[in-house]
Amino acid sequence: MVYPDYDMFESVNPAAPIYAVAHAMNDGPTYITDKVGEHDFSVLRPLVYSDGTLLRADRAVLPTEDCLFNVDSPKPFKAFSMDKDAGLLGVWNCVDSNSVSGSFKPS
């Protein structure tokens with residue numbers, strides 16, 4: 001079992017879009033560790049509202065029950081959180097496979 005550390009990531013990392021979504025779905029602060037002048041704003045801009053505040057959920061992101069202890073299966077990894085009255089669902093391919101198959105539903 002791993003409890004991820006969501007505090008920092010590099011926007012120029014190949015996995016940066018995955019980290020960015022996970023940060024937005026989590027309730028903690030978001031910091032980037034990019035070198036000066038080396039930022040991928042296509043990854044960073046979706047994390048910020050037009051008024052300059054960061055997109056940040058109300059509670060910690062958690063894996064869905066069907067994803068616990070199934071990290072090697074070729075299926076999507078799903079995690080959820082809440083932002084006020086809205087449910088947030090992240091779905092990722094986190095296994096060493098070019099494709100995964102599975103399903104998800106709001107319940």
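None of the figures in this text is laboratory data; all of them are computed from the coordinates on show. All figures in this text were calculated on a predicted structure; none of them were measured in a lab. All Cβ positions, glycine included, derive from the backbone under ideal geometry; neighbour counts span all protein chains shown.
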Here the net charge surrounding residue 39, from other residues whose Cβ is less than 14 Å away from its Cβ (Lys, Arg +1; Asp, Glu -1), is -2
In terms of the Cα gyration tensor, with a ≥ b ≥ c the square roots of its eigenvalues, is region 39-91 rounded because a/c is under 1.5, prolate because a/b exceeds b/c, or oblate? oblate
For region 1-100: relative contact order, % (alpha-carbon pairs under 8 angstrom, 6 or more apart): 23
Simple SL model, points at 7 angstrom along Cα→Cβ for residue 31 and residue 48; separation in nm is 1.8
Quick check: the angle from helix 16-25's long axis to the longest principal axis of the chain, C-alpha only, nearest 10 degrees? 80
All lysines inside 17 Å of residue 105 as judged from Cα atoms, apart from same-chain residues fewer than 8 positions distant: 75, 78
Whether the chain is rounded, prolate or oblate, judged on the alpha carbon gyration tensor where a/c under 1.5 counts as rounded: oblate
Taking the dipole of the chain about the Cα centre (Lys, Arg +1; Asp, Glu -1; charges at Cβ), the one of 77, 106, 9 that reaches farthest to the positive side is 106
